[in-house]
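Student: Next up is a structure, given as C-alpha cells.
Rule-based calculations on the coordinates, nothing more; no lab input. What you see is a predicted model; the values in this text were computed from it and never measured. Here the Cβ is made from the backbone with ideal geometry for all residues, glycine too, and neighbour counts use every protein chain on show.
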Amino acid sequence: MIASNAKIKKLETLESIMIRLQKVVLAKRLKTSKQREYILSLIYKSKTHLSPEEIANALKKDNKDSSLSSVYRILQFLETYGFVTSIEADRSGKRYEIAAKEHHYHIICLGCGSIVEFIDDDIKSKQEQIAKSLKCQVVSDNFRLFVLCDKCINKQRGDDFLRL
Ligand SMILES: [Zn+2]
Ligand SMILES: [Zn+2]
C-alpha cells in the first residue's frame, strides 16, 4: 500500500527539537543563534523540502540579515547533529527536511523538481529480505524514484505537438 504526503508523521514536537538544539549548542560551547533556530523551525513547519536558496529567500523576506553562505553553514551544522536530513533532489541540488519524521521515500520529478513522499511497507520488507539473503542488516536506506510527473509529461506532449 502506498500512503502519500499527508500521512507522513512528524515524530517530535518543534519545542522538544529546540530543547535538543539548545543542549547541543551548550555542549559545543557555541553562541545561540536566532538564525539557526529560525532555519530549524522553518524546515519543521515546511510542507516541502527546502533548498538553501529558498531558506535564504525566506530569511530575506522576514528582514533577517543573512547570506547564502551562512545558510549553508547552519544547514551543515543541523545535518551533522541529526536535526535535518538532506536529499539530493536533481539538478537543483540538495533539499532539506526535518529528521524527526516517519521513515519515508521520495518520488522526484526531473522536469519540475516536485517531490512526493510516500511510505511503502513492501519496499521496506523487500530491502530487508535482500540484505538478509546477503547475511547483512539494513542500517539506512535512501530510496528515490526519479520520474516525469503528470504535469511535465503533458507539457512535453504539448511541446512535441508545437514542434510538429
Ligand atoms: Zn514535474
Ligand atoms: Zn521527505
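Student: When the chain is modelled as a GNM with alpha-carbon springs shorter than 10 Å, which of 27, 56, 100 fluctuates the most?
Tutor: Largest GNM mean-square fluctuation: 27.
Student: Can I ask one more? Cysteines without a disulfide-compatible partner in the chain, using Cβ under 4.7 Å as the rule?
Tutor: Here 112, 136, 152 come out as lacking a disulfide-compatible partner, given the Cβ-Cβ threshold of under 4.7 Å.
Student: Please list, in order along segment 21-26, the HN-Hα scalar couplings obtained from phi with the Karplus expression 6.51 cos²θ - 1.76 cosθ + 1.60 (θ = phi - 60°), rounded to whole Hz, x for Gly and Pro.
Tutor: These are the phi-based 3J(HN,Hα) values: 4, 4, 5, 5, 4, 5 Hz.
Student: Please identify, among 57, 142, 154, the residue showing maximal mean-square fluctuation in a Gaussian network model of the chain using a 10 angstrom Cα cutoff.
Tutor: In this elastic network of the chain, the residue with the biggest mean-square fluctuation among 57, 142, 154 is 154.
Student: Is there a quick way to get the dipole size of the chain? I mean about its Cα centre, with the Cβ of Lys and Arg at +1 and of Asp and Glu at -1; what is the value in debye to the nearest 20?
Tutor: So the dipole magnitude of the chain works out to roughly 540 debye.
Student: Also, quick follow-up: Hey, for a label at residue 27 modelled as a point 7 Å past Cα toward Cβ, could you say which residues of segment 80-105 have their backbone N under 15 Å away?
Tutor: Correct set: 80-84.
Student: Please build a GNM for the chain, connecting alpha carbons under 10 Å apart, and tell me which residue among 99, 58, 131 fluctuates the most.
Tutor: 131
Student: Let me ask you something else. Beyond a 31 Å Cα-Cα separation, which of these cross-linked pairs lie in this structure: 28/124; 47/155; 23/135; 101/135; 61/94; 23/132?
Tutor: Too far apart for the 31 Å limit: 28/124; 23/135; 23/132.
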